[in-house]
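Taking it in order: structure first as structure tokens, then the write-up.
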Amino acid sequence: MKAFIREHDGAISAELDRDEALLLQSLASQVSVLLREGNANDPAVIRMLPDAYPGDPASSAEFRRYTASGLIDRKVANADAVIVSLSAAIETGVVRLGSTEATAWLRSLTDIRLSLASRLGIEADDQGPSEDSVLQNLYDWLGFLQNSLVEAVDDRVAPADGDND
């Protein structure tokens, strides 16, 4: 997959092959299922739904009682947006995102990476690579995608020659 770029019409796009699109769809689907199943003891779910008050279990439980359902619904909707936008990309080799879809992608890529980080035992950004090279490579590739998407979202289309807006 090539890095995301901002097109002149404001859309954000990236070229990807069929296997990459299918892999991303599968990962987004797995995160969606994981969140919907709601296994509160799964380290990946814990990473995606952290305690609001780590030193206060009672307050954390109360906060989670009022917010977890809505947060899970939003995370599942973000994963679904990734899955849907990749459906066309499987055939065309290009994924095109509007601003709402790009935001959903950024959030979903974060959730996918958090779930992988929990499986790899990654607790901090400066931690060394995992012994599981396949998952580590996947984690790093998703980081590349996420970073290129952030850069494309932040990229401002330069005004045409003669425009001084």
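The values are calculated or read from the model by the stated rules, or taken from the named source; none is laboratory data. Predicted, not measured: the structure shown is a model, and the values here were computed from it. All Cβ positions, even for glycine, are placed from backbone atoms using ideal geometry, and neighbour counts span all protein chains on display.
Can you name every residue in the stretch 82-107 that is assigned to a helix (DSSP H, G or I) and of a type in the set (A, V, I, L, M, F, W, C)? Correct list: Val82, Ile83, Val84, Leu86, Ala88, Ala89, Ile90, Ala102, Ala104, Trp105, Leu106.
Taking Ala58 as meeting all but one of (1) free of Cβ contacts under 8 Å to residues at least 12 places away in the same chain; (2) crowded, with 16+ Cβ neighbours inside 10 Å, write down the number of the exception. For Ala58, the failing item is (2).
With respect to (1) over 26 Å from Asp9 (Cβ atoms); (2) loosely packed, with under 15 Cβ neighbours inside 10 Å; (3) modelled with pLDDT of 90 or more, the lone exception for Asp154 is condition (1).
On the stretch given as the stretch 37-71, residues that are closer than 15 Å to Ile112 by Cβ and part of a helix (DSSP H, G or I) total 5.
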